Amino acid sequence: AQTVTQSQPEMSVQEAETVTLSCTYDTSESDYYLFWYKQPPSRQMILVIRQEAYKQQNATENRFSVNFQKAAKSFSLKISDSQLGDAAMYFCAYREGGSNFGNEKLTFGTGTRLTIIP
Amino acid sequence: DTEVTQTPKHLVMGMTNKKSLKCEQHMGHRAMYWYKQKAKKPPELMFVYSYEKLSINESVPSRFSPECPNSSLLNLHLHALQPEDSALYLCASSQVQGKGTGELFFGEGSRLTVL
């Protein structure tokens, strides 16, 4: 079974600084997706960034970027120019690729609570 | 429309009550999900429907009964729940495996309290 590990239960960063959240995963598959989701206190799960395993180039979305190391099974999230609105729980998540019926599950890590210090 | 809409947002029920949670999406997604989330924990998968057929049941107790009446709607029927079932219930939808970009779209959740 696939597992996703986030070793940092809590992180804090000064406003406007950069922070990196860590994630490692375990899988025997070669085709899969990785995601970072954000869940603010308002509780809705919001997609921050996605990475397809077959793509070597690291994904970026404005201030958010990932460092995807496929061989090491590592998928860290870097937030640049941190803003107060970035405060939330961040979940790393894994989903198998392919087209097998019944394999649609999204597996989450335990989450990292990010605090932004004004 | 990129929304997943869940109703009700809050629900309080007794252990003998029967209630339902509802979820709706109009993104043309053919996979829909129920997740349960306890405070400060990640969401835990309960059920997945793919093309309106139940594809995954993560050994959920029978007091939770899912239903997918059509490709846009997903219900979770609740009966004889226990206080430990109190949690945030999240609905999500996505393209099925092998299509789209893989991400799940989540609703805001239904906060359930069982007395």
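What to note about this one:
- Checklist (1) over 10 Å from the mean Cα position of the chain (by Cα); (2) β-branched (V, I, T); (3) surrounded by 15 or more Cβ atoms within 10 Å (Cβ to Cβ); (4) more than 20 Å from B:E44 (Cα to Cα) applied to A:T18, failing item: (3)
- A:K78 fulfils the conditions (1) basic (K, R); (2) on the phi < 0 side of the Ramachandran plot; (3) without any contact (Cβ under 8 Å) to a residue 24 or more places away in the chain except for a single criterion, (3).
- Selection status of B:G28, surrounded by fewer than 21 Cβ atoms within 10 Å (Cβ to Cβ), of a type in the set (G, A, S), more than 16 Å from A:Q44 (Cβ to Cβ) and within 12 Å of chain A (Cβ to nearest Cβ): no
- Entry remark, the stretch B:68-99: residues being touching a residue at least 24 places away in the same chain (Cβ under 8 Å) and either within 13 Å of chain A (Cβ to nearest Cβ) or in a loop (DSSP other than H, G, I, E, B) (or both) number 17 in total.
Residues checked against (1) under 10 Å from the mean Cα position of the chain (by Cα); (2) at pLDDT below 95; (3) acidic (D, E):
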site: B:L21; (1), (2), (3): yes, no, no
site: B:M32; (1), (2), (3): yes, yes, no
site: B:K36; (1), (2), (3): yes, no, no
site: B:K40; (1), (2), (3): no, yes, no
site: B:M46; (1), (2), (3): yes, no, no
site: B:Y51; (1), (2), (3): no, yes, no
site: B:S55; (1), (2), (3): no, yes, no
site: B:S59; (1), (2), (3): no, yes, no
site: B:R63; (1), (2), (3): no, no, no
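Per-residue answers, yes or no, for (1) out of contact with any Pro (no Cβ under 6 Å at 6 or more places or on another chain); (2) of a type in the set (D, E); (3) surrounded by fewer than 15 Cβ atoms within 10 Å (Cβ to Cβ):
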| residue | (1), (2), (3) |
| --- | --- |
| B:V4 | yes, no, no |
| B:M13 | yes, no, no |
| B:E24 | yes, yes, no |
| B:Y33 | yes, no, no |
| B:K36 | yes, no, no |
| B:P61 | yes, no, yes |
| B:N70 | yes, no, yes |
| B:H77 | yes, no, yes |
| B:P83 | yes, no, yes |
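- Sole exception among (1) under 21 Å from B:F105 (Cβ atoms); (2) of a type outside the set (D, E); (3) within 14 Å of chain B (Cβ to nearest Cβ); (4) surrounded by 14 or more Cβ atoms within 10 Å (Cβ to Cβ) for A:R113, by number: (1)
- Residues (part of a loop (DSSP other than H, G, I, E, B) and of a type outside the set (K, R)) located in the stretch B:53-67: B:E58, B:S59, B:V60, B:P61, B:S62
- Qualifying residue in the stretch A:24-38 (condition: within 23 Å of B:V4 (Cβ to Cβ) and without any contact (Cβ under 8 Å) to a residue 24 or more places away in the chain): no
Residue by residue, here is whether (1) aromatic (F, W, Y); (2) part of a strand (DSSP E or B); (3) out of contact with any Gly (no Cβ under 9 Å at 6 or more places or on another chain); (4) over 25 Å from B:Q37 (Cβ atoms) holds:
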position	(1), (2), (3), (4)
A:Q44	no, no, no, no
A:L47	no, yes, yes, no
A:Y54	yes, no, no, yes
A:Q57	no, no, yes, yes
A:N67	no, yes, yes, yes
A:A71	no, no, yes, yes
A:K78	no, yes, yes, yes
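The values are calculated or read from the model by the stated rules, or taken from the named source; none is laboratory data. Source: prediction; values computed, not measured. Using ideal geometry, Cβ is built from the backbone for each residue, glycine included, and neighbour counts are taken over all protein chains shown.
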